[in-house]
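Taking it in order: structure first as structure tokens, then the write-up.
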Amino acid sequence: MVIDERPIGVFDSGIGGLTVVREIIRQLPGESVLFFGDTARLPYGPKSKETVMLFARQNAHFLMNRGVRSIVIACNTASAVALPALKQEYSVPVLGVIEPGARGAAAATKSGRIGVIGTRGTIASGAYEKALLAINPDFEVHSAPCPLLVPLAEEGWVDHEITRSVIAEYVEPLLEQAIDTLILGCTHFPVLKNAIRQVTGGEIKLIDNAIETARSLAASIGPNPDPGRESSHNFVVSDVPHRFREEAELFLGRPIGRVERIFPEHLEEIYGEQ
Ligand code: DGL
């Protein structure tokens, strides 16, 4: 049997997508991963669709140039805007985080009343609502943009009274709608899961789309014939901000190793060469 040793390519606007890498490493042992975090140009959440589309294309192109076997858009905002185009433009499997999250929520809900939290870009796109209603048109979807949770997660305030107050402010209107399931529709939010649970209580199911995305990836690339084989995990970013390593290790859940830097100008250049 021929073993495909090419890495799985994963990109995000920053390092929140490392929550998805963490799950890929956990669920797909023996697979190599090449992660690109566009830390110089984040956040994507408040940017226009056109800008997010262009950045997503450049990021995907960069990963393809490095010979990846699939592309995971580990960013809700970029998935909401760019998934259909990137699926068409590349021959390798391209996955976003929204459909897997929607499938996870559809399987978990009993009442059909589902909440979604994410960036402004993700919520404004209506992508989760669309994906959920495509599964079941009777679902009732209630969404809330939660932009302040992104910097709180990056700051590492994962167990902090202020974080819980901000979560309560955003999530209480959804709880009033009697949701029984809440999609964490932003790659930063899995690190805040405990704080979110303290606000929502144990009854509400929290859907971590990192877990669901790694599951979908496993289904799309098939079983690894040699899970014990040596694999590599490489990290490339477009800027190395202050506290980068601490933040990255919080999202990845382990030490990060060597990090390569590539300037946005270089991404533009590679993209322009096609
Ligand atoms: N990674 C983004 C997402 O999942 C959050 C950060 C940003 O706004 O770029 O939507």
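The values are calculated or read from the model by the stated rules, or taken from the named source; none is laboratory data. If you're wondering where the values come from, they're calculated on a predicted model, not measured in any experiment. No Cβ is skipped: glycine too gets one built from the backbone with ideal geometry, and neighbour counts run over all protein chains shown. Side chains included, ligands, DNA and RNA excluded: accessible areas come from the protein's heavy atoms. Shrake-Rupley method; radii C 1.70, N 1.55, O 1.52, S 1.80 Å.
Across region 177-209, the number of residues qualifying as among the small types (Gly, Ala, Ser) and surrounded by fewer than 19 Cβ atoms within 10 Å (Cβ to Cβ) comes to 3. Of all the residues in region 73-119, those that are of a type in the set (D, E, K, R) and either assigned to a loop (DSSP other than H, G, I, E, B) or under 30 Å from GLU176 (Cβ atoms) (or both) number 4.
Does ARG243 satisfy the condition of being under 23 Å from LEU95 (Cα atoms) and open to solvent by 60 Å² or more (accessible area, probe 1.4 Å)? Considered against the rule, which asks whether it is under 23 Å from LEU95 (Cα atoms) and open to solvent by 60 Å² or more (accessible area, probe 1.4 Å), ARG243 comes out as no.
Yes or no, residue by residue, for (1) open to solvent by 30 Å² or more (accessible area, probe 1.4 Å); (2) of a type in the set (D, E, K, R):
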{"site": "ILE211", "(1), (2)": "yes, no"}
{"site": "SER216", "(1), (2)": "no, no"}
{"site": "GLU249", "(1), (2)": "yes, yes"}
{"site": "ILE262", "(1), (2)": "no, no"}
{"site": "TYR271", "(1), (2)": "yes, no"}
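For region 16-38, filtered to residues that are open to solvent by 10 Å² or more (accessible area, probe 1.4 Å) and among the aliphatic types (A, V, I, L, M), the residue that is nearest to PHE189 (Cα to Cα) is ILE25. GLU155 meets all of the listed conditions (1) within 14 Å of the ligand (Cβ to nearest atom); (2) surrounded by fewer than 18 Cβ atoms within 10 Å (Cβ to Cβ); (3) at pLDDT 95 or above but one, namely (3). Looking at ILE8, ILE98, ILE25, ILE114, just one residue is away from the ligand (no atom under 16 Å from the Cβ), of a type in the set (Val, Ile, Thr) and more than 25 Å from ARG245 (Cβ to Cβ), and that residue is ILE114.
Consider region 239-274 and keep the residues that are outside any helix (DSSP H, G or I) and among the hydrophobic types (A, V, I, L, M, F, W, C). The one that is farthest from ASN59 (Cα to Cα) is ILE256. Summed over region 1-22, the residues that are among the aliphatic types (A, V, I, L, M) and assigned to a loop (DSSP other than H, G, I, E, B) give a count of 4. Only a single criterion out of (1) open to solvent by 50 Å² or more (accessible area, probe 1.4 Å); (2) not in a helix (DSSP H, G or I) is not satisfied by SER231, namely (1). Anything in region 39-55 that is under 19 Å from GLY185 (Cβ atoms), outside any helix (DSSP H, G or I) and not small (Gly, Ala, Ser)? List them, or say none. Hits for region 39-55 are LEU42, PRO43, TYR44, PRO46, LYS47.
Residues that are small (Gly, Ala, Ser), touching a residue at least 40 places away in the same chain (Cβ under 8 Å) and at negative phi within region 224-274 comprise GLY228, SER231, SER232, SER238, ALA248, listed in sequence order. Among the residues of region 173-208, the one identified as in contact with an Asp or Glu (Cβ under 6 Å, 6 or more places away or on another chain) and in a strand (DSSP E or B) is LEU184. Only a single criterion out of (1) within 25 Å of ILE8 (Cα to Cα); (2) surrounded by fewer than 20 Cβ atoms within 10 Å (Cβ to Cβ); (3) within 13 Å of the ligand (Cβ to nearest atom); (4) free of Cβ contacts under 8 Å to residues at least 40 places away in the same chain is not satisfied by ALA85, namely (3).
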